[in-house]
1. Do you know which residues across segment 25-82 are buried (at least 17 other Cβ atoms within 10 Å of the Cβ), in a loop (DSSP other than H, G, I, E, B) and of a type in the set (A, V, I, L, M)?
2. In segment 89-131, which residue that is hydroxyl-bearing (S, T, Y) and in a helix (DSSP H, G or I) is farthest from Y178 (Cα to Cα)?
3. Checking the condition open to solvent by less than 10 Å² (accessible area, probe 1.4 Å) and over 14 Å from the mean Cα position of the chain (by Cα), which residue from G197, G166 passes?
4. Confirm whether D150 is open to solvent by 40 Å² or more (accessible area, probe 1.4 Å), touching a residue at least 60 places away in the same chain (Cβ under 8 Å) and among the acidic types (D, E).
5. So which residues in segment 30-46 are under 19 Å from E160 (Cα atoms), in contact with a strand residue (DSSP E or B) (Cβ under 9 Å, 6 or more places away or on another chain), touching a residue at least 40 places away in the same chain (Cβ under 8 Å) and of a type outside the set (D, E, K, R), if there are any at all?
6. Given the criteria surrounded by fewer than 22 Cβ atoms within 10 Å (Cβ to Cβ), under 13 Å from the mean Cα position of the chain (by Cα) and not hydroxyl-bearing (S, T, Y), does L161 qualify?
7. I'd like to verify a number: residues in segment 83-119 that are without any contact (Cβ under 8 Å) to a residue 60 or more places away in the chain, under 26 Å from I143 (Cβ atoms), touching a helix residue (DSSP H, G or I) at 6+ places or on another chain (Cβ under 6 Å) and open to solvent by less than 60 Å² (accessible area, probe 1.4 Å), how many?
8. Just to be sure, is L167 of a type in the set (A, V, I, L, M) and in contact with a helix residue (DSSP H, G or I) (Cβ under 6 Å, 6 or more places away or on another chain)?
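The values are calculated or read from the model by the stated rules, or taken from the named source; none is laboratory data. Computed from a predicted structure; not experimentally measured. Cβ atoms come from the backbone with ideal geometry, glycine included; neighbour counts cover every protein chain shown. Areas reflect the complete protein model, heavy atoms only, side chains present, ligands, DNA and RNA absent. Shrake-Rupley method; radii C 1.70, N 1.55, O 1.52, S 1.80 Å.
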Amino acid sequence: MQLRATLGLIRSLAIYYNPWRRRQLHAFYAGILAPGALAFDIGAHVGSRARAMRAAGARVVACEPQQPFAGFLRRSLPRDIILVEKAVGPSETVARMSVSSLHPTVSSLSTSFTGEAASKPGFGHVRWDSSQEVQVTTMDRLIADHGLPDFVKIDVEGFELDVLAGLGQPLPLLSVEYLPAFIDRTLAVIDRLEGLGRYSFNPVAGEEGQFLWAEWRGPEAARDWLRGLDAQGGSGDLYARLT
């Protein structure tokens, strides 16, 4: 099992530390983060986005509970990136994460996500072959400890709504991963955000590093766009901006 976990780490490093992707991420975050802005990276994985945020001039708090990734980040992240080796959820607790050793980007605290994924397009080759006990904190606790962030990136494989359940105030700017096979989860995130404040939205497809829309649009436009996605299409990030 240790060998599979190591292979999963190596695979992720090869994917996310591609030089072209790193330059693209740096340029994108430089366009949305002012120097000195505070950014939370929830689900930091191998830290590529946390590093890009830092390179853009942001102060970064990175959250990653999964081993061996948390250990890799502890050893390799710049010292001025604050690493929190915890998941983020609705309450401060201990939980069990379902782990895919060879495809660790889809490890999740959501049992319903892993249960449904086997029948979804693009997940037929994935196996959740182990589990890890992880500490869980909340967005409200992170804010109390580190301050209100200017931007929060959330990429937690079906657990996004649970992350937002632990948040009691609106955020200026955030992103959540969308998966076309799980669009109902992203629609629920929009509903949750509407309960916190008035938001406009803009998607980024895959790792393209640019917004799809020239202008930010309201929640109904975002819902319509999400519902129109091909279930077998690629993932991306939906950005939400407080207006």
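1. Those that are buried (at least 17 other Cβ atoms within 10 Å of the Cβ), in a loop (DSSP other than H, G, I, E, B) and of a type in the set (A, V, I, L, M): L33, A37, A44, V46, A56, A58, L77, I81.
2. Step one: of segment 89-131, the residues hydroxyl-bearing (S, T, Y) are 91, 93, 98, 100-101, 105, 107-108, 110-112, 114, 119, 130-131.
This time we only want the ones that are in a helix (DSSP H, G or I), so: 105, 111-112, 114.
On the way: T105: 14, T111: 18, S112: 16, T114: 15 Å.
Per the criteria, the residue is T111.
3. It is G166.
4. When the stated conditions are applied, D150 passes them.
5. Selection gives A39, F40, I42, G43.
6. yes
7. Count: 2.
8. When the stated conditions are applied, L167 passes them.
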